[in-house]
There are 2 protein chains.
Amino acid sequence: MYKICIKNIINGLFKNQNITIRGWVKTRRDSKLGISFLSINDGSCIDNLQVVIKNNISNYNEILKLTTGCSVQISGLVIKSLKEKQNYEMQAKSVLIIGLVDNPRNYPISAKSHSLEYLRQVSHLRIRTNIISAVTRIRHEVFTAVHNFMNKNNFIWVTTPIITSLDTEGYSTMFSVSANTKKFFSKKSFLTVSGQLNIESYACALSKVYTFGPVFRAEKSNTSRHLAEFWMVEPEIAFANLQDIILLAENMLKYIFKHVLNNRMKDIEFCVKYNNNKNLINRLGNFINNGFIHISYNEAIGILKKYKNKFNKQIVWGCDFSLEHENYLTNEYFKNIVAITNYPKSIKAFYMRVNDDNKTVAAMDIIAQDVGEVIGGSQREDRLNKLDLCLKEKNLSIKNYWWYRDLRKYGTVPHSGFGIGLERLILYITGMHNIRDVIPFPRSMYDINF
Amino acid sequence: MYKICIKNIINGLFKNQNITIRGWVKTRRDSKLGISFLSINDGSCIDNLQVVIKNNISNYNEILKLTTGCSVQISGLVIKSLKEKQNYEMQAKSVLIIGLVDNPRNYPISAKSHSLEYLRQVSHLRIRTNIISAVTRIRHEVFTAVHNFMNKNNFIWVTTPIITSLDTEGYSTMFSVSANTKKFFSKKSFLTVSGQLNIESYACALSKVYTFGPVFRAEKSNTSRHLAEFWMVEPEIAFANLQDIILLAENMLKYIFKHVLNNRMKDIEFCVKYNNNKNLINRLGNFINNGFIHISYNEAIGILKKYKNKFNKQIVWGCDFSLEHENYLTNEYFKNIVAITNYPKSIKAFYMRVNDDNKTVAAMDIIAQDVGEVIGGSQREDRLNKLDLCLKEKNLSIKNYWWYRDLRKYGTVPHSGFGIGLERLILYITGMHNIRDVIPFPRSMYDINF
């Protein structure tokens, strides 16, 4: 089914065949010799198909009215193009005009170039531009690669609820959920910030699981790297320690990068041009070959202290890193993605496994050039007495976590997991600058078109 | 990575090899000859691995304390079993006890059988039972098959927002979303009931797209077939009419059924036994071979009128079908899944394309034995003037749908799509009776454990 698309034509699947294509006009050019050239796009790839229309077709007059954005159905012969750039083109035999553009001068996505800020205001139409469609196809490949990788490695996909009474991180700002019916739910309910706590219970029976879905933060972070609604994949593995999941994260990123380069190179190349970032493909290739830089939090502190004059925020042991620190480590010092391990207990969540020094936890943050934290993960505290201590230290109610404690009471196992912020990862892969441009309908503070 | 699991052992990948497995004790049996037998499960499949432990291992005394639910790590030799039923077993060389069960008599998931009602109260532990783990693995395969099918057919996965100001169906009971920060969003916001309207805008540029994620209904429907939070896949195709998407839906269901039967037959067989439903596999096979029964709404009315004495609710042209009608058509009359098309305009949503009779719309509902509606879809109204009429007829504000109308103003195309309620589909495949048992953490009225 559905084999006929411009991507497949460009790939040569229909050479010298008469077929019918459907799509939208990108541009129209008329020669003085009574020949018109239409560039047609159907979204299957970044390339347009050039269609050559001679003035002897019956509705040639109508063709001359076609403008950017009109929808058409064209039957004709696919031939090898004489020009080098376009490998294949179509000689039209008939053109059916399906939908015109009402008042072309006011068409919001005219052929001229538009700023990304402007395009955010027409989020229902911006997918008609090259850049947003390229990013959307890359996003599709990233999402697909995640599932493929998990499947190859025998992980079971477990969906975790969006509506929850849990605050996974213990300190997040959450959205509240309510129904018209009073007490629809028996408890106060919120939008989830992470599926981790839920999925731990499934890891403690199925061994290798992951959750994949949207998560929510109601924080007042109106930056180019924050969304109120974003997508995460969170693998969780029983009988695994911190080193195991760092290796898993590394293999997963390598797999995703390879998959995108193999399947959407032309879209990536368009992003390189659009963002004027020639390093984009190199840094993906470099990671595929070399993987992470591995350092401990202590080592990171040591490096940053040496270069402390470069930063606004002071570096002391126990502090959390801000973007300037992260960017220094990734962009300047290592020129690569960096995995930082063993953070101070005081700045991390209650569920992370306390190291023998009793000061640090078996946590990792993976930070990437320009975008900062892409992955956060940890080995989970599997010892009931230590977990209870941590809950107390963080002023969390032991009673609320009764079920989470059950997992430690009944056949507890060491287990570990992490979450990848997928929009951040797509920023990294595409070189886009604003996270609102790598998700179809962004939700961030003040930001909700419809 | 992660090759060693009981599924692969049972499949013969480790014959005569010394390996280390990790999992949980299902049962322990001790023979008088000083040999103990452990059944170990790691969640990778329904089968347990039998481990034979002789009393000459150093910690044999500890082995004798193992109870259901304890976690262990066992190294030993995988050999072909002499008994027929278990193909492979392990001769233990060392057993490391990782986590005991605290107070085994109170262990909520003891070796005896538990009712599904009881298990819902321990939703963090019920995955440790055979039935819930079988259903969860089948669910995983259904979800995976959806993505595989979409990919094979060149669909682009487009995520649509959970937080929205839209009411897609025009009459749904929606959950409200609020933040602590006043006016976090510039509009009143809700949890989405469907991604369709959003994804239409992407179909009108990328041609073939789908959204896949959780959707929400705040309806007071406290039945065994309704959830407040459930998962839908919604393909949307440009240049496609109702017949095209009925064909797509048929191929998709066939693909999913085949995938599940090929990959999780043992789990399906367990469901057959558990639900005492011998017809389960037959009806999947029957559908794979024969596809849908196709009838129009008018034909359905004709059939039901003939058998009107069987129903509580009267049958008149213009009525919506209730479960008793649907079950009669699927269970009794056709004994198959039925696709019903061309419903009265008055009982369907504003966005469906009006047929030439001006009384019916190009809609389809696909209903399955026992579970009722599994798929709902339609050709969308692509003509601006007809769309405006429908909005008026349904008392919806034309102003609110400004952006949706833009899709018809600028290069409109015929397009169609549908949504599959994935939990309903899993009910059908597994023969389970309550939808709360086919989703990891059910959310329905009054229902939110944590």
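Structure notes:
- From the options B:A363, B:A368, residue that is surrounded by 24 or more Cβ atoms within 10 Å (Cβ to Cβ), in the same structural domain as B:I132 (by TED's automatic domain parsing), within 21 Å of B:Y274 (Cβ to Cβ) and among the small types (G, A, S): B:A368
- Any pair with Cβ under 8 angstrom, 6 or more apart, that starts in the range B:194-206 at a residue that is in contact (Cβ under 8 Å) with a residue 12 or more places away in the chain and part of a loop (DSSP other than H, G, I, E, B) and ends at one that is aliphatic (A, V, I, L, M) and open to solvent by 10 Å² or more (accessible area, probe 1.4 Å): B:S194/B:M232; B:G195/B:M232
- If you filter the range B:273-288 down to residues that are in contact with a helix residue (DSSP H, G or I) (Cβ under 8 Å, 6 or more places away or on another chain) and surrounded by fewer than 16 Cβ atoms within 10 Å (Cβ to Cβ), you find that the one that is farthest from B:T330 (Cα to Cα) is B:N275.
- B:D357 vs. criteria in a loop (DSSP other than H, G, I, E, B), closer than 29 Å to A:F185 by Cα and either open to solvent by 10 Å² or more (accessible area, probe 1.4 Å) or in contact with a strand residue (DSSP E or B) (Cβ under 7 Å, 6 or more places away or on another chain) (or both): no
- Residue within the range B:416-439 that is small (G, A, S), outside the structural domain of B:L242 (by TED's automatic domain parsing) and farther than 17 Å from B:I268 by Cα present: no
- Here A:T192 clears all of (1) of a type in the set (V, I, T); (2) out of contact with any Lys or Arg (no Cβ under 6 Å at 6 or more places or on another chain); (3) within 30 Å of B:I97 (Cβ to Cβ) except the condition numbered (3).
- Number of the condition not met by B:T360 [criteria: (1) farther than 26 Å from A:N103 by Cβ; (2) out of contact with any helix residue (DSSP H, G or I) (no Cβ under 7 Å at 6 or more places or on another chain); (3) in contact (Cβ under 8 Å) with a residue 60 or more places away in the chain]: (2)
- Sole exception among (1) aliphatic (A, V, I, L, M); (2) in contact (Cβ under 8 Å) with a residue 24 or more places away in the chain; (3) not in a loop (DSSP other than H, G, I, E, B) for A:A218, by number: (3)
- Residue count for the range B:137-173 satisfying the condition of being open to solvent by 40 Å² or more (accessible area, probe 1.4 Å) and either at the interface with chain A (Cβ under 7 Å from one of its Cβ atoms) or within 24 Å of the chain's Cα centre (by Cα) (or both): 5.
- Any hit, the range A:174-184, residues being crowded, with 22+ Cβ neighbours inside 10 Å, within 7 Å of another protein chain (Cβ to nearest Cβ), on the phi > 0 side of the Ramachandran plot and more than 24 Å from the chain's Cα centre (by Cα): no
- Among the residues making up the range A:372-424, those that are in contact with an Asp or Glu (Cβ under 8 Å, 6 or more places away or on another chain) and aromatic (F, W, Y) are A:Y404, A:Y410, A:F418.
- The condition of being more than 24 Å from the chain's Cα centre (by Cα), modelled with pLDDT of 95 or more and closer than 23 Å to A:L125 by Cβ holds for B:D406.
- The range B:124-136 - residue that is within 8 Å of chain A (Cβ to nearest Cβ), open to solvent by less than 20 Å² (accessible area, probe 1.4 Å) and not hydrophobic (A, V, I, L, M, F, W, C) and, of those, farthest from A:V158 (Cα to Cα): B:H124
- Members of the range A:289-325 that are loosely packed, with under 13 Cβ neighbours inside 10 Å and among the hydrophobic types (A, V, I, L, M, F, W, C): A:V316, A:W317
- Any hit, the range A:377-390, residues being more than 23 Å from the chain's Cα centre (by Cα), open to solvent by 50 Å² or more (accessible area, probe 1.4 Å), within 19 Å of A:A240 (Cβ to Cβ) and within 14 Å of another protein chain (Cβ to nearest Cβ): yes
- Answer from B:P414, B:P442 - the residue that is under 21 Å from B:F212 (Cα atoms) and open to solvent by 10 Å² or more (accessible area, probe 1.4 Å): B:P442
- Going through (1) among the β-branched types (V, I, T); (2) over 27 Å from A:H226 (Cβ atoms); (3) open to solvent by less than 30 Å² (accessible area, probe 1.4 Å) one by one, B:V193 falls short only on (2).
- Members of the range B:412-441 that are farther than 15 Å from B:L387 by Cα and either free of Cβ contacts under 8 Å to residues at least 24 places away in the same chain or at the interface with chain A (Cβ under 8 Å from one of its Cβ atoms) (or both): B:I439, B:P440, B:F441
- When the range A:255-297 is filtered for residues that are hydroxyl-bearing (S, T, Y) and within 30 Å of A:P344 (Cα to Cα), the ones remaining, listed by number, are A:S296, A:Y297.
- Criterion (in the same structural domain as B:I40 (by TED's automatic domain parsing), among the charged types (D, E, K, R), within 24 Å of B:L38 (Cα to Cα) and touching a residue at least 60 places away in the same chain (Cβ under 8 Å)) met by exactly one of B:K93, B:K65, B:K83: B:K93
- Of the residues in the range B:248-271, at least one is among the hydroxyl-bearing types (S, T, Y) and within 12 Å of another protein chain (Cβ to nearest Cβ).
- Tabulated pairs, the range A:100-118, first more than 14 Å from every other protein chain (Cβ to nearest Cβ), second of a type outside the set (A, V, I, L, M, F, W, C) and open to solvent by less than 80 Å² (accessible area, probe 1.4 Å), C-beta under 7 angstrom, 6+ apart or interchain: A:H114/A:T129; A:L116/A:N434; A:L116/A:D437
- One residue stands out in the range A:96-113 among those that are under 32 Å from the mean Cα position of the chain (by Cα) and surrounded by fewer than 16 Cβ atoms within 10 Å (Cβ to Cβ): the one that is farthest from A:N59 (Cα to Cα), namely A:S113.
- For the range A:48-89, the set of residues classified as within 14 Å of chain B (Cβ to nearest Cβ) and either surrounded by fewer than 20 Cβ atoms within 10 Å (Cβ to Cβ) or among the aliphatic types (A, V, I, L, M) (or both) consists of A:L49, A:K65, A:L66, A:T67, A:V72, A:Q73, A:I74, A:S75, listed by residue number.
- Count of the range B:22-60 residues which are assigned to a strand (DSSP E or B) and of a type outside the set (F, W, Y): 20
The values are calculated or read from the model by the stated rules, or taken from the named source; none is laboratory data. Please read these numbers as outputs of a predicted model, since none were measured by experiment. Cβ coordinates were reconstructed from backbone atoms using ideal geometry, including for glycine residues, and neighbour counts include every protein chain displayed. We work out accessible area using only protein heavy atoms, side chains counted, and drop any ligands, DNA or RNA first. Shrake-Rupley method; radii C 1.70, N 1.55, O 1.52, S 1.80 Å.
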